[in-house]
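We did not get these values from a lab; they are worked out from the coordinates using the rules stated. Worth saying up front: this structure is predicted, and the values here are computed from it rather than measured. Heads up, the Cβs are rebuilt from the backbone with ideal geometry, glycines too, and the neighbour counts pull from every protein chain shown.
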């Protein structure tokens, strides 16, 4: 039997010594109770471990997950997984392509409306994140043909702000 810590080892030795004095029924009862306690403690320790493993992601972890999904062009998964409910999406003030959106659903709708306008996808790239404090940036370039603007090529810097392990701001510079 493997014990996690010294108190468990001590309790086991006491239980085993005590068992040598009792009847078979008492020995079974004592060892059974001891094993239930050990099992319960292990479960409690595992639950505590699981709770701490659900800790808030750091900016570095958010950026790494963002990069993993961005390299696969999984932009809606990024929104679903990493965006806070109160996320803001900000484009340049005079952008002919996009407007400001606030809240997870409006930001999602903004993205969906953009995708609907794309008639042809010619190529894209996203750089690895550069992290500074609770922000990270990526470079992004893409070339598409849209209903409203014809063939366009955009090269941009995308800035993200992270709070409590979630993206609360995306801002585009192009």
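Mind checking the full-extension length gain between residue 77 and residue 145? Use 0.36 nm per residue of separation minus the Cα-Cα distance, one decimal, nm. Walk me through the numbers on the way to the answer.
Working: separation 68, 0.36 × 68 = 24.48 nm, distance 2.32 nm.
Full-extension gain reported as 22.2 nm.
Distance between the 7 Å Cα→Cβ label points at residue 98 and residue 168: 2.0 nm.
Using the beta-carbon distance between residue 113 and residue 157 and R0 = 35 Å, what value does 1/(1 + (r/R0)^6) give for FRET efficiency, to the nearest 0.05? Walk me through the intermediate numbers first.
Details: r = 22 Å, r/R0 = 0.64.
Efficiency for this residue pair is about 0.95.
Between residue 68 and residue 124, the contour length at 0.36 nm per residue exceeds the alpha carbon distance by 18.7 nm.
Prolate is the label for region 59-173, because the ratio a/c of its alpha-carbon gyration tensor axes (a ≥ b ≥ c) is 1.5 or higher and a/b is greater than b/c. The modelled label-to-label distance between residue 105 and residue 61, using points 7 Å beyond Cα along the C-beta direction, is 2.9 nm.
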